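K.L.:
I am attaching a structure below and will ask some questions about it afterwards.
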Amino acid sequence: MLRLLPAAFAVFVGSLFVSGCGNGDLTAGHDGSELVSFSSTTRIRGLDPATSGEVSSSVAISRIYEGLLQYDYLARPYKVIPALAESMPEVSEDGLTYTFKLRKGIFFQDDPCFPDGKGRELTARDFEYSIKRVADVKNISSGFWAYNGRIKGIDVFHDQSKLPEPTDYDMPVEGLKVVDSHTLQIKLTEPYPQLLYVLTMHYAYAVPREAVELYGKKFTNHPVGTGPYRLVEWRRNSRIEFERNPKWAETGRVETYPASGTPEQEAAGLLKDAGKSIPFIDRLVQFVVDDTSTSWMMFLAGQLDSSAISPDNWDAVITPDKSLNDSLEKRGIELISSPYTAVFYMGFNWDDPQVGASDDPEQDMRNRKLRQALSCAYEFAQMNQFMNNRLYPIDGPIPTPLAGVLEEPSPYRFNLEKAKQLLIEAGYPEGIDSKTGRRLELNMELGSADSNTRQSMELMANMFQKIGIVLKTNYNTWPAFIEKMNRRQAQLFRLAWVADYPDAENFLALFYSQNASPGPNHSNYRNPEIDRLYEKVRVMPDSPERTAIYEEMAKIIVEDAPWVFMYQPMSFSLKHSWIENYIPHDYPYGMGKYRRVNREVRSEWNASYGDKKMKMSGGE
């Protein structure tokens with residue numbers, strides 16, 4: 001899955017697993033018997049798999065919906081396995097035809113969209129319909145990049161959906177063939193080595209046509225899936241609640257925890273539940289908690305099972321050798337750390353006349369020099385200090401450890417003298433426009449207004465002030481920010497891109513011109529040579545030749561400077577010992593179904609350490 005993240009997400013990397021806060025007895029639910037788990041989240045934009053692309057929405061969606069394939073939770077390196085498919089697909093010798101057999105006896109949850117309100121059985125037609133929804137222009141999906149030019153006939157359907165009349169979902173698409181009720185065939189225009197990864201993403205989850213047609217634009221608020229949970233309540237700025245999908249029990253559906261793993265995983269207790277039925281938690285409630293201080297205090301009080309570590313708390317929590325301090329360790333708190341395959345960046349809008357591309361070669365050169373100057377003015381060391389030295393410098397669009405990562409330092413790493421010289425060449429000596437005599441002012445759009453985002457932006461503004469440039473910031477809600485990105489209304493912006501699958505092609509897709517907004521290329525960057533190389537490399541299997549092309553593309557992108565490459569994060573988070581079956585996963589969507597809350601351990605901790613005065617009262 002391609003994932004957009006607010007830049008402040010660096011604070012929260014690693015805390016995307018089921019966590020808990022609650023009131024009264026934290027081991028019991030509303031009736032005193034079921035296990036309720038409470039967690040925090042950022043605001044969720046929507047629950048429609050076709051249109052929601054940010055992390056918070058994707059985590060929620062993956063609790064309700066499912067796809068043909070999923071990741072093996074414990075396998076490292078990462079491995080794709082069947083989900084709603086009964087087995088891995090049969091693939092033709094030329095690599096162009098994938099035939100999937102669906103599992104029988106899989107039912108959508110009960111919902112008024114079905115006759116008598118009873119959920120019907122999943123069929124191959126549901127996957128055909130769901131992929132078409134992503135291709136429908138009217139849905140403004142950020143996921144069409146996964147299919148355009150790949151599936152035979154999907155672009156014709158995409159173009160037809162641009163007409164003003166309602167989109168015809170009965171229109172045949174050559175590359176989506178329903179062989180029978182439980183067999184789907186996908187035919188490609190060219191080899192697509194990443195297809196199996198793509199089919200684990202929420203853009204490939206099955207939704208029922210009945211629900212979309214009944215709820216219309218409100219479908220994003222009325223998810224109807226086959227997954228382990230269903231939506232109970234959603235107050236956008238307050239809370240979202242899920243409960244175990246009763247359709248699983250009603251239909252006798254059994255899903256199990258992975259049955260095998262490595263000796264190290266077994267020693268860590270990750271195989272204690274091998275072969276047992278999932279999910280292990282009956283009810284999930286997520287509260288919108290914008291303030292990091294509040295969430296931290298909730299965690300210390302036992303109201304959250306897990307927590308990120310904010311910069312303000314870092315020195316009090318983590319020792320100089322990056323281990324957990326003794327006092328927290330004695331309270332049964334555990335530190336989870338791992339590299340995170342992501343790139344945090346400041347992007348330039350290629351449509352903007354001041355920082356983007358221009359048909360005038362001289363102006364185009366000036367704009368490129370300006371972007372390069374801003375890259376040279378960005379000081380990683382300061383940002384790393386602000387983030388408690390838990391960042392890696394990054395010199396291009398591909399993060400470690402993916403093949404194609406550039407080994408040599410970027411020519412546009414921090415260098416104030418070079419930044420000032422590039423500004424002169426761009427026509428802005430000491431930040432003054434040589435044509436107008438005015439000081440250069442640039443406008444940055446942000447998707448969060450929390451204290452960490454504001455402080456980091458003050459830091460960046462100070463960096464650019466050193467070369468005479470004024471950086472103005474506009475703080476948006478996350479939904480409003482994404483809307484601006486989709487409409488190309490930002491001059492500069494900050495985002496993060498988390499790997500959707502373990503292949504550098506996933507990051508290079510962000511520079512393909514056909515993926516411009518509302519697709520994932522929110523810089524709207526365009527370079528014919530990058531397009532040519534991307535179209536060549538995306539059909540190639542893993543090989544030294546493909547890696548060499550990745551490196552060539554990365555060097556071109558660095559020179560064009562559509563982004564200021566800020567950093568790659570290291571994931572640090574804390575969890576209470578009552579969270580079991582947790583292993584860091586770069587692709588965590590749908591993984592919460594494997595985790596368990598040990599009610600005995602949690603109850604004992606609460607009796608010993610829980611601060612009764614800080615219990616939340618029903619999340620109101």
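K.L.:
Step by step: find N for region 342-569, compute 2.2 N^0.38 Å, then divide the Cα radius of gyration by it. What's the final number? Numbers along the way, then the final one.
P.N.:
Working: Rg = 16.9 Å, N = 228, 2.2 N^0.38 = 17.3 Å.
Normalised Rg, Cα atoms only: 0.98.
K.L.:
State the extension gain, in nm to one decimal, for the chain segment bounded by Lys555 and Arg454, taking 0.36 nm per residue of separation less the distance between their alpha-carbons. Can you show the working numbers first?
P.N.:
Values: separation 101, 0.36 × 101 = 36.36 nm, distance 3.17 nm.
Computed gain between Lys555 and Arg454 is 33.2 nm.
K.L.:
Percent of alpha carbon pairs in region 86-132 separated by more than 11 Å?
P.N.:
74 percent
K.L.:
A further question follows. Please name which of Leu284, Pro518, Phe493 has its Cα lying farthest along the dipole of the chain towards the positive end, using unit charges on Cβ (Lys, Arg +1; Asp, Glu -1) and the Cα centre as origin.
P.N.:
It is Leu284.
K.L.:
Give the residue list of trypsin sites (Lys or Arg not before Pro) in region 105-173 that are DSSP loop and have at most 16 other beta-carbon atoms within 10 angstrom. Walk me through the intermediate numbers first.
P.N.:
Working: sites: Lys118, Arg120, Arg125, Lys132, Arg133, Lys138, Arg150, Lys152, Lys162; in loops: Lys118, Arg120, Arg150, Lys152, Lys162.
Passing both the DSSP loop test and the Cβ count: Lys118, Arg120, Lys162.
K.L.:
Residue by residue through region 332-349, which ³J(HN,Hα) values in whole Hz follow from phi under the Karplus form 6.51 cos²θ - 1.76 cosθ + 1.60 (θ = phi - 60°), with glycine and proline marked x?
P.N.:
Result, ordered by residue: x, 8, 10, 9, 10, 9, 6, x, 10, 7, 8, 10, 9, 8, 9, x, 10, 7 Hz.
K.L.:
Could I ask something else about it? Please work out the FRET efficiency for the pair Leu163 and Ile140, using the Cβ-Cβ distance as r and a Förster radius of 22 Å; give the result to the nearest 0.05.
P.N.:
Plugging the Cβ-Cβ distance into 1/(1 + (r/R0)^6) gives 0.90.
K.L.:
Once fully extended, how much extra length lies between Thr251 and Lys536, figured as 0.36 nm per residue of separation less the alpha-carbon to alpha-carbon distance? All intermediate terms of the calculation are to be shown ahead of the outcome.
P.N.:
Details: separation 285, 0.36 × 285 = 102.60 nm, distance 4.65 nm.
Result for the pair: 98.0 nm of gain on full extension.
K.L.:
When the dipole is taken about the Cα centre of region 342-569, and only Lys, Arg (+1) and Asp, Glu (-1) are charged at their Cβ, what size is it in debye, to the nearest 20?
P.N.:
Roughly 720 debye for region 342-569.
K.L.:
What FRET efficiency do you get for Lys276 and Lys330 if R0 is 41 Å and r is their Cβ-Cβ distance, rounded to the nearest 0.05?
P.N.:
0.85
K.L.:
For the peptides 55-68, 187-200, 295-308, 380-393, what is the packing order when you average, over each peptide's residues, the other Cβ atoms within 10 Å and list the highest mean first? Write down the numbers at each step before the final one.
P.N.:
Numbers: 55-68: 25.1, 187-200: 19.3, 295-308: 22.9, 380-393: 16.4.
Output ranking for 55-68, 187-200, 295-308, 380-393: 55-68, 295-308, 187-200, 380-393.
K.L.:
Compute the semi-axes of the equivalent ellipsoid of region 66-218, taking the square root of 5 times each eigenvalue of the Cα gyration tensor, and list them largest first in whole Å.
P.N.:
24, 21, 14
K.L.:
Between Glu408 and Thr294, what's the calculated FRET efficiency when r is the beta-carbon distance and R0 is 41 Å? Round to 0.05.
P.N.:
In this case the efficiency is close to 0.40.
K.L.:
Find which of Ala75, Leu199, Ser142 sits farthest along the positive direction of the dipole of region 66-218, computed with +1 on the beta-carbon of Lys and Arg, -1 on that of Asp and Glu, about the Cα centre.
P.N.:
It is Ala75.
K.L.:
Explain nothing, just compute: Karplus ³J(HN,Hα) = 6.51 cos²θ - 1.76 cosθ + 1.60, θ = phi - 60°, for every residue of region 143-153 in order, whole Hz, x for Gly and Pro.
P.N.:
Those phi angles translate into x, 5, 3, 6, 10, 5, x, 9, 8, 4, x Hz.
K.L.:
Once you charge only the Cβ atoms, +1 for Lys and Arg and -1 for Asp and Glu, what is the size of the charge dipole of region 210-366 about its Cα centre, to the nearest 20 debye?
P.N.:
960 debye
K.L.:
Using unit Cβ charges (K, R positive; D, E negative) and no other charged atoms, how large, in debye to the nearest 20, is the dipole of region 41-126 about its Cα centre?
P.N.:
In debye, rounded to 20, region 41-126 gives about 280.
K.L.:
Separate question: Given all pairs of different Cα atoms, what value in angstroms does the Kirkwood hydrodynamic radius of the chain take?
P.N.:
On the way: mean 1/r = 0.0393 Å⁻¹.
Mean inverse Cα-Cα distance, inverted, gives 25.4 Å.
K.L.:
Another question about this same structure. Do the sum for the chain: with -39,500 (n - 2.57) for every DSSP H run of n ≥ 4, divided by all residues, what is the mean residue ellipticity at 222 nm, to the nearest 500 deg cm²/dmol?
P.N.:
Calculated from helices alone, the mean residue ellipticity at 222 nm is -7500 deg cm²/dmol.
No value in this document is a laboratory result; all are computed from the given coordinates. Keep in mind the model is a prediction, meaning the values are calculated, not measured. So basically every Cβ, Gly included, is an ideal-geometry build from the backbone, and we count neighbours across all protein chains shown.
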